[in-house]
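Here's the structure, in structure tokens; my notes come after.
Nothing in this text is a laboratory measurement; each read-out follows from the coordinates by a stated rule. Being a predicted model, the structure only gives us computed values, none of them experimental. Counting neighbours? That spans all protein chains shown, and the Cβs are built from the backbone with ideal geometry, glycine included.
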Amino acid sequence: MNEPLRIAMIILGYYPIIGGAEVQLRTLARQLQAQGVEVSVLTRRYAGLKAFELVDGIPVYRLLAPRPKPVAALSFIATAIPLLRRLRPHVVHAFTMLSPAIIACVAKMILGIPAIVGNQGGGRGGEVYRLHNKFLSNQRFAFLRRYVDAYITISQEIDRELEQIGMSADRRVFILNGVDTNRFSPVSPTDKQLLRARLGLPSGPMAIFVGRLAPEKRVANLLTIWPEVRSVYPEASLLIIGTGVEESMLKAMAGDDVHFAGAVEDVAPYLQTADLFVLPSMREGLSVAILEALSTSLPVVATAVGGTPDVIKHDYNGWLVPPENPPALRDAIVTLLGDQTRRANFGARGRELVIRNYSLATCVAQHRALYTHLASGHPIATLKLQAAEGDR
């Protein structure tokens, strides 16, 4: 190509809205921009946010999506297509199978722009599950099968679900989420205590949760068992990073030993100060928060859902517990807080795994290769991505 590669990324919410998909898109967009790729982000416009602004130097277009939900989806689609006609991207990348995927497909149908769709969540409540329960679900799946050039899958669970609804294997591309392992890196015990003092955090054993305070994250399960953890380790504290619809409820449940940091722009220092990362979700795609924790050599306790078992091998680089099982969650936290050697071993193995398989450089290079391949008019079946050592 003789001109800069232009990519339009479409997502339901974008910064300052913070979630796993939003963080991953923003990280990817910044890296691509630094390599000369022209990236635009199309997202829904929420109250208090500008219709257009530059975020990290990247154009972000926030399109009207008034409620109720069916009207919001139709409005989002109707305003996105004329904008895409004006932007003339070489590729459209939708970050969910919901209305962003429909926009990508319509752009393919009307404008002839190659369409890529990612799926951020699997299992019960995931995107395929939600589409099965929507009006005209079979027709929507048929529309996606016809017009999507490539599906990016981030976990074995999501890949199986796409296979089950007829998405052909030659269009399903594994590109794993990536982490900046230089930014998310371990610190010395001395620096850890200095960081805690600077952040105003207590000095005893500390567990941390990072994520949206939403029902599917099951933070309430963590708060329910936390007093039992404290009965074993009276100096232990729990740090909750994130915001969401359950924030008020969770704060009402919490004791003085639970600290809420709210929305945090840079979570790396907080992860570096902690002793244990906990994610009690009922569903996940491939948790960026887990990868960031592992990259900082932080041992992880997580539920065995979604892509988490792809990353965490039980009692090797972390501890898996069944979802919706607070006693198992409690026992895991108590066990690891009391075993410094095991925590250190888990942490070292976790960072090694992320460096080997989930580096940001590999993630960005594979996305760019996919974009360039489709923009050049090549069929997806001929794409050969260079995998990191150990990648699937």
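Kindly state, to the nearest 0.05, the FRET efficiency for LYS69 paired with LEU385, given R0 = 30 Å and r defined as their beta-carbon distance.
0.25
If you filter the stretch 251-305 for GluC sites (Glu not before Pro), then keep DSSP loop positions with at most 14 other Cβ within 10 Å, what is left?
GLU265
Of PHE260, LEU222, LEU291, whose Cα points farthest to the positive end of the dipole of the stretch 169-304 (charges on the beta-carbon: +1 Lys, Arg; -1 Asp, Glu; origin at the Cα centre)?
So the residue furthest toward the plus end is LEU291.
With just the Cα atoms defining each centre, how far is the stretch 121-175 from the stretch 1-49? Give it in Å.
Each part reduced to its Cα centre gives a spacing of 22 Å.
Provide the descending list of Cα extents for the stretch 135-177 along its principal axes, expressed in whole angstroms.
Taking max minus min along each principal axis of the Cα atoms, the stretch 135-177 gives 31, 19, 16 Å.
Once Lys and Arg get +1 and Asp and Glu get -1 on their Cβ, which of LEU83, ASN357, VAL55 lies farthest toward the positive end of the dipole of the chain?
About the Cα centre, the residue reaching furthest to the positive side is LEU83.
Based on DSSP, what percent of beta bridges with both residues in the chain are antiparallel, to the nearest 5?
The antiparallel fraction comes to roughly 10 percent.
At q = 0.11, 0.14, 0.19 Å⁻¹, what is the base-10 log of I(q)/I(0) for the stretch 189-357 according to the Debye formula with one equal point scatterer per Cα and no solvent? Please give it to two decimals.
Reported log10 I(q)/I(0), two decimals: -0.38, -0.65, -1.32.
Rounding to the nearest 20 debye, state how big the charge dipole of the stretch 213-296 is about its Cα centre with +1 on each Lys and Arg Cβ and -1 on each Asp and Glu Cβ.
240
For LYS69, which aspartates and glutamates qualify as cross-link partners when the Cα separation must be under 17 Å and same-chain residues fewer than eight apart are set aside?
GLU127
How do the peptides 56-62, 121-127, 378-384 rank, highest first, by the average count of neighbouring beta carbon atoms within 10 Å per residue?
Descending packing order for the listed peptides: 121-127, 56-62, 378-384.
Using a simple charge model, +1 on the beta-carbon of Lys and Arg, -1 on the beta-carbon of Asp and Glu, nothing else, what dipole does the chain show about its Cα centre, in debye to the nearest 20?
1320
So between GLU235 and HIS314, what do we pick up on full extension, going 0.36 nm a residue minus the alpha carbon distance?
25.8 nm
Sort the following peptides by mean Cβ neighbour count (other Cβ atoms within 10 Å, averaged over residues), highest first: 314-322, 81-89, 176-184.
So the peptides 314-322, 81-89, 176-184, ranked by packing, come out 176-184, 314-322, 81-89.
Rounded to the nearest Å, what's the spacing between the alpha carbon centres of the stretch 215-262 and the stretch 264-305? Just the number, please.
Measuring centre to centre over Cα atoms gives 15 Å.
Give me the extension gain from LEU111 to HIS378: residue separation times 0.36 nm, minus the current Cα-Cα distance, reported in nm with one decimal.
Working it through step by step, the gained length comes to 94.4 nm.
Considering only the stretch 1-108, what is the antiparallel percent among its DSSP beta bridges, to the nearest 5?
20
With a point put 7 Å past each Cα toward its Cβ, work out how far LEU194 is from GLU324 in nm, to one decimal.
Spacing of the two 7 Å Cα→Cβ label points: 4.7 nm.
Distance from a point 7 Å along Cα→Cβ of PHE135 to each backbone N in the stretch 1-16: keep the residues under 19 Å and list them by number.
none
About the Cα centre, and with charges only on the beta carbon of Lys, Arg (+1) and Asp, Glu (-1), how big is the dipole of the stretch 1-59? Nearest 20 debye, please.
180
At 37 °C and 0.692 mPa s, what whole-number value in µm²/s does Stokes-Einstein give for the translational diffusion of the stretch 320-392, with Rh from the Kirkwood sum over Cα pairs?
209
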